[in-house]
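J.: One structure, as structure tokens, below. Some questions next.
Computed from the coordinates by the stated procedures, all read-outs in this text should not be read as laboratory data. Nothing here was measured: the structure is a model prediction, and the numbers come from that model. Glycine also receives a Cβ, built like all others from the backbone with ideal geometry; neighbour counts cover every protein chain displayed.
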Amino acid sequence: MSVYLDYQSAKPVDPRVIEEMVPYFHDSFGNPSSLHKVGDEATVVLEECRKTIAGFINAEKDEIIFTSGATESNNLGLIGYALRNKAKGNHIIISEIEHISIQNLAKYLEKNGFVVSKVPVDQYGRVNIQKLTDRITDKTILISICYASNEIGTIQPAAGIGKLCREKNIVFHTDAVAAEGLIPLDVKKDNIDLLTLSSNDIYGPKGLGVLFKRKGIRLNPLLIGGGQEYGLRSGAENIPAIVGMKKAVEIMQKDKKKEVDKFRCYRDNLIKNILGKIPRAYLNGHPTERLPNNAHFRFEGIEGEALLLSLKDEGLSVSTGSACSSKTLEPSHTLIATGLLHEEAHGSLQLTCGRFNREEDISAVIKVLPGVVEKLRKLSPIWAE
Ligand code: PMP
């Protein structure tokens, strides 16, 4: 048996995307910066892709900057904005459940003269707008809060955060990687100024990301060179990957409703059966404001890593949390932020479904998991019946 339920960590590229990319490796290989015909053709393709991808988040074409991935988009958004605008203030706010790339960017900015506050979240992992408001000072220039948690799947109140930022004249950045393709993103409606996307998270190729930058927001570039991407991201554009991301967006726009309904059905099936069949099992994250493909549990008396390895032996690829931090022995900062004790956070399991899952995958987990939990509990020194 081989079942993959870790779509939050990595997704296979959709075969239709690969097919679309192929001609751009050899037949249409131009560099958009070249002034000849081959270069012009590449420019046309690049600008078409920019337009489609802008439409995906209700942005304008020239508000899309292509990068090498979500990490770079987060870097360009946070460092680029902070350095360019430090004369306006040196205070930045993030939440306690940001992805490691934002957490480490905050540390970097602190070492470089900025003050970072972290807004806490409630037991479901949601930021409270009043608590956020309380942290704003006259030096606050930037608030960065994810659109949804990449671990527990809790959807953040982006519209409320955007409204607050607009009223206070603070720039709002959101890392939308976990949410993209699963819930609608609208930078205009939510008053978002900077937004991070990743191509792979909508079944496009890895190594490509986007930073949406609202017109009028000024950033310092991180890469200096030929001045591509409006002078904000030098280096020849990765046209095959950009074409792939455009195709990924088109597929998403066509199939999204059906696909999301399928995920929701799988997710609810997992939650109902796992909580029903396994005693002292609990759902992490918000009961309703959660991503449609995310089921996140904790089991008393279980160590997450042991569970993951036992499930691996059964052919199930699952996760205990963010892949980017999975090699550390520290419990997930997200789960700790929701108020869990270390031992509770350690007993967690993250299941995220995706495009290529079938009903049988869900049934397999529901069949195998209760027995594995029971076996591990029997061996556990901390489990009392
Ligand atoms: N932000 C979030 C929410 C993520 O889940 C990830 C990892 N997929 C990243 C940023 C970093 O993405 P990448 O490693 O592709 O740069």
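J.: I want the local charge near Pro120. Using Cβ-Cβ distances under 9 Å, sum +1 for each Lys or Arg and -1 for each Asp or Glu among the other residues. Intermediate results must be reported in sequence, preceding the final value.
T.: On the way: positive: Lys118, Lys131; negative: Glu96, Asp122.
Summing Lys/Arg as +1 and Asp/Glu as -1 gives 0.
J.: Between rounded, prolate and oblate, where does the range 157-240 land on the alpha carbon gyration tensor, with a ≥ b ≥ c its root eigenvalues, rounded for a/c under 1.5, else prolate if a/b exceeds b/c? Working shown, then result.
T.: On the way: a/c = 3.11, a/b = 1.28, b/c = 2.42.
Since a/c reaches 1.5 but b/c is at least a/b, the shape of the range 157-240 is classed as oblate.
J.: In addition: Only Lys, Arg, Asp and Glu count, each charged at its Cβ (+1, +1, -1, -1), so figure out the dipole size of the chain about its Cα centre, rounded to 20 debye. If you can, show how the numbers build up before the last one.
T.: Details: 49 positive and 48 negative charges, 163 e Å.
Roughly 780 debye, rounded to the nearest 20.
J.: Is the shape of the range 15-251 best called rounded, prolate or oblate, per the rule: a/c under 1.5 gives rounded, else a/b larger than b/c gives prolate, else oblate, with a ≥ b ≥ c the square roots of the Cα gyration tensor eigenvalues? Kindly include the intermediate steps, with their values, before the conclusion.
T.: Numbers: a/c = 2.24, a/b = 1.63, b/c = 1.38.
Prolate.
J.: With unit charges on the beta carbon (Lys/Arg positive, Asp/Glu negative), name the residue among Leu46, Ser117, Ser234 whose Cα is farthest towards the positive pole of the charge dipole of the range 15-251.
T.: The one lying farthest along the dipole's positive direction is Ser117.
J.: Checking the table Lys312/Lys375; Lys61/Lys256; Lys111/Lys189; Lys111/Lys139; Lys118/Lys312; Lys11/Lys118 against a 25 Å threshold on Cα-Cα, which pairs fail? Working shown, then result.
T.: Working: Lys312/Lys375 15 Å; Lys61/Lys256 22 Å; Lys111/Lys189 34 Å; Lys111/Lys139 17 Å; Lys118/Lys312 36 Å; Lys11/Lys118 30 Å.
Check vs 25 Å cut-off fails for Lys111/Lys189; Lys118/Lys312; Lys11/Lys118.
J.: Something else about it: Once you list every other residue whose beta carbon is under 12 Å from the beta carbon of Ser198, what net charge do they have if Lys and Arg are +1 and Asp and Glu are -1? The partial results should precede the final answer.
T.: Values: positive: Lys11, Lys206; negative: Glu72, Asp175, Glu180, Asp201.
Net charge around Ser198: -2.
J.: Let me ask something else. Restricting to bridges with both residues inside the chain, how much of the DSSP beta-bridge set is antiparallel, in percent to the nearest 5?
T.: Values: 21 of 39 bridges.
Given both bridge residues lie in the chain, the antiparallel proportion sits at roughly 55 percent.
J.: Moving to a separate point now. What is the helix-to-structure angle for 158-168, meaning the angle in degrees between its Cα long axis and the longest Cα principal axis of the chain, kept from 0 to 90 and rounded to the nearest 10?
T.: Once rounded, one gets 50 degrees.
J.: With +1 on the Cβ of every Lys and Arg and -1 on the Cβ of every Asp and Glu, and nothing else charged, how large is the dipole of the range 126-210 about its Cα centre, in debye rounded to the nearest 20? Before the final figure, lay out each step's value.
T.: Working: 10 positive and 10 negative charges, 44 e Å.
My answer is approximately 220 debye.
J.: Here is a follow-up. Relative contact order for the chain: what is it in percent, counting Cα pairs under 8 Å that are at least 6 residues apart?
T.: Values: 749 pairs, mean separation 87.8, N = 385.
About 23 percent, as a whole number.
J.: Extent of the range 1-92 along each principal axis, from alpha carbon coordinates, in Å, largest to smallest?
T.: 53, 49, 23
J.: Note the angle between two axes, namely the Cα long axis of helix 70-84 and the longest principal axis of the Cα atoms of the chain, as a number of degrees from 0 to 90, rounded to the nearest 10.
T.: Compared with the principal axis, the helix lies near 60 degrees.
J.: Can you tell which of Phe297, Phe114, Phe25 shows the greatest fluctuation in a Gaussian network model of the chain with Cα springs below 10 Å?
T.: For the chain, modelled as a Gaussian network with Cα springs under 10 Å, the answer is Phe25.
J.: I would also like to ask the following. Compute the angle between helix 37-56 and the longest alpha-carbon principal axis of the chain, please, reported from 0 to 90 degrees and rounded to the nearest 10.
T.: With rounding to tens, the tilt is 50 degrees.
J.: Now for a separate question. Just going by the charge dipole of the chain, with Lys and Arg at +1 and Asp and Glu at -1 on Cβ, which of Pro370, Ile202, Val17 is farthest out on the positive end?
T.: Result: Ile202.
J.: Taking Cα centroids, how far is the range 14-60 from the range 131-156 in Å?
T.: 34
J.: While we're on this one: Do me a favour and compute the ellipsoid semi-axes for the range 237-292 from its Cα gyration tensor, root of five times each eigenvalue, largest one first, whole Å. Intermediate results must be reported in sequence, preceding the final value.
T.: On the way: eigenvalues 239, 34, 17 Å².
They are 35, 13, 9 Å, listed largest first.
J.: Could you work out the helix-only [θ] at 222 nm for the chain, with each DSSP H run of four or more residues adding -39,500 (n - 2.57) and the total divided by the number of residues, to the nearest 500 deg cm²/dmol?
T.: Details: 12 runs with 156 residues, N = 385.
For the chain, the value works out to -13000 deg cm²/dmol.
J.: Let me ask you something else. Putting +1 on Lys and Arg Cβ atoms and -1 on Asp and Glu Cβ atoms, find which of Ile143, Leu182, Asn75 reaches farthest to the positive end of the dipole of the range 15-251.
T.: Farthest towards the positive pole: Ile143.
J.: Counting only trypsin sites (Lys or Arg not before Pro) that are in a DSSP loop and have at most 11 other C-beta atoms within 10 Å, tell me the longest site-free stretch of the chain. Working shown, then result.
T.: Details: sites that count: Lys215, Arg218, Lys327.
Result, exposed sites excluded: 1-214.
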